[in-house]
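Working notes, structure below.
Please treat every number below as a calculation from the coordinates, not as lab data. Since this is a predicted model, take the numbers as computed values, not measurements. Here the Cβ positions follow ideal geometry from the backbone for every residue, glycine too, while neighbour counts run over all protein chains shown.
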Amino acid sequence: MSNLRGLSHAPQHGGTNTRNEKQHERPYRSHVRPACLACRRRKSRCKAEVDAGTCLMCRVHGTECTFPAEKRRKSRRTPRHEISQSNISITKKPIAHTPPVPIPSGTAEQPQAFAGPPRIFEPDTPAQPIYSDWTPSNAVVDTPLSLEAEKDNPHILGPTVMNDSHVLADYLSSVPGGPGMRTIRPVEPGSSSSPIIFTKVQKRPVGMVLNSNPALEKLQVIEKLVEPWALNLVNIYFEKVNSCFPILDRSTFQQRYTQAKGCISPALLACLYAHTLAFWRYDPQLSHTRCPDTRYIWNMASDTIYSELHISPGISTITAILLNIGGRPTTSMVGNGIQLGSAVSLCHSLGLNRNPMSWDIPQTEKYLRIKIWWCVVIHDRWLSLAYGTPPHIRRSQYDVPVPTPEYLQDTEGGSATPELFIALVTLTEVLDSCLEHVYSISMEGPAVNLELQLNKWFEELTGDLRKLILRGARLQIHGASNLRLSYLSVRLLLQRISLDRVRQKHEVSPEDLANRTIDARRTAEEIVDLVRELQEFELGDFWLPVAAFTFSSTVTFLIRCAIETERGPVGFSESSSLRMASEFLSALRSHQQNYEWDLANICLAQHAEVVENLLATNTAEGGSTDENIDIDGSFTLDTTFMDTILPSIWDTFQNI
């Protein structure tokens, strides 16, 4: 009984000295001798004598008393010199006792060589990372977005309160221990630009749980669908897309993807996977495997964006939106417009519309902010042209400089060159002038020579870019086909604007009208020739999704030329414009059938049946026997017939 009394009066903490340990058996809580398996199942305390083979509870219940293997106990026994050191440290600084975590019955516990902090997650249960906007989980990887935080977003202060905030920020900086304000001051001495002040705003709605992230769950589903090719898709994206349209920093993203994947936004990753599925069949390795359901993955990726917009919007949300609205195939005009408006609003809130080159922030962040802003501007202007809605961004509301090759040094990949993206940016500025004229309700102010702006843009090109635009050479460069098509679409837009201006005049010269019509038709013919000459490399290259609408508008213009100026005595069978449109549709149909080229879907759905009906129509009544061009344009088809051959654009999106 002396041994049992010794056990009952043994101290209930881990600070026993060596002499007491020799006289009495250490209690169960020290884990030197764990409880028997029967006591574990009963969840009762296991009391045993030193030399006894069974514990007291097993004697009472009459059960078999079996202890874990002795080998595991010996592997966990602490050496004597370590025990003495721990006793010394305990004497100097007592620590609170932590009760043990019971081990389930039948579980073999592995020896632990390092007695560090307690593990939160079991070895077989992966830790659920808390995704944040480009915020690393440790200090090893520095973030290029120094303005991004895990819980708060920076919000740029408006010009109306900027001067007052400057005075307040200067005062608070002089008060010891006073609250500070995030001020980005110009780094160049004598700079004329004033400091930019950011305030902190909460990302998540009040009461939203930090770990509640529906976007993460959808990302995990997408990664299951694309495995084991997820890394291949990331590499394809940087080789074919990011080199032509730089949204991400390649080195930073790939480092995070391999070392700290949990720091990347789930919406960004989901949209990147979905965006790259358009190139699946053109990859030598992936083309031999089955591509996942593209439409299902796109729907899941769109859900991740809306979840992140609600929970924690940030710069990563803007990049995810750019990948989403730039993805193919295009099936949602309204959804793309809503997401683009959200991206523009976030850009203004985060100050991306301001020139960051004079700010005292990391150089990588300056370059990244400039690239993201111009990618948003490009999508805003080109989607405006395609969808028929005014752009969200006005030129007077930003001062971000045009990127230079130095800003794009981390985006080079494959055979693409930074000059292609810079040329697309400057061409987009020319397009903005055209959109100002198209969407202007009142024509006040001096008229802008739009053709002169496009000619100046062309004259600034040099080397291979000039040959690419002039003759369509070197299309094997990534992004070259898209740039040439963009140039031709802007040129056709200018010629159509010029043609409409001539038609609105009271006194129209027939020769001038015919000349402008022929020039516009020649540009449409260049677009047709470009598409007909595309090979597998160009079809699998980078394209802005608005190219699908460029094809559709080109065919529409050719049909207009046939209806207004080329109707002969036997209908449209002799119309060169209509034959050109038919050849264009045949080329698109061939690319769609042979290479599953999604950019042909919209044009074929809208105009294939239209052109066939017009070619089969022979309306001799009211026809002119003159084979020359009818400049007056007095012929008009019956409206009921036009309703049958011209489908609604919304019906088109229901059928593709």
Using only the alpha-carbon atoms of the stretch 225-279 as identical scatterers, what base-10 log of I(q)/I(0) does the Debye formula give at q = 0.19, 0.20, 0.28 Å⁻¹? -0.62, -0.70, -1.40
Starting with the fewest neighbours, write out 321, 393 ranked by other beta-carbon atoms found within 10 Å of each beta-carbon. 393, 321
Can you work out the Karplus-derived ³J(HN,Hα) for every residue in the stretch 351-365? Use 6.51 cos²θ - 1.76 cosθ + 1.60 with θ = phi - 60°, whole Hz, and x for glycine or proline. x, 6, 7, 9, 6, x, 5, 8, 7, 8, 9, x, 5, 5, 5
Arranged from highest to lowest average of other beta-carbon atoms within 10 Å per residue, in what order do the peptides 338-351, 283-296 appear? 338-351, 283-296
hull vol. (C-alpha, convex hull) per residue for the stretch 443-575, Å³ -> 143 Å³
Mean Cβ-within-10 Å packing, highest first, puts peptides 603-613, 461-471 in the order 603-613, 461-471
Prolate/oblate/rounded call for the stretch 214-397, Cα gyration tensor, a/c under 1.5 rounded: prolate
Residue by residue, what Karplus-based ³J(HN,Hα) values in Hz, rounded to whole numbers, does the stretch 39-48 have, using 6.51, -1.76 and 1.60 with θ = phi - 60° and x for Gly and Pro? 5, 5, 5, 7, 6, 10, 6, 9, 10, 9
On a 29 Å Cα-Cα criterion, which of the cross-link pairs 467/505; 224/366; 366/467; 218/240; 218/366; 43/218 come out too long? 467/505; 224/366; 366/467; 218/366; 43/218
Under a 5 Å amide H to amide H cut-off, with H placed in plane at 1.01 Å, what residues pair with residue 359 once short-range neighbours are removed? 187
Return the sequence-ordered ³J(HN,Hα) values of the stretch 593-604 in whole Hz as given by the Karplus equation 6.51 cos²θ - 1.76 cosθ + 1.60 applied to θ = phi - 60°, using x for Gly and Pro. 6, 7, 10, 6, 6, 6, 5, 8, 5, 5, 5, 5
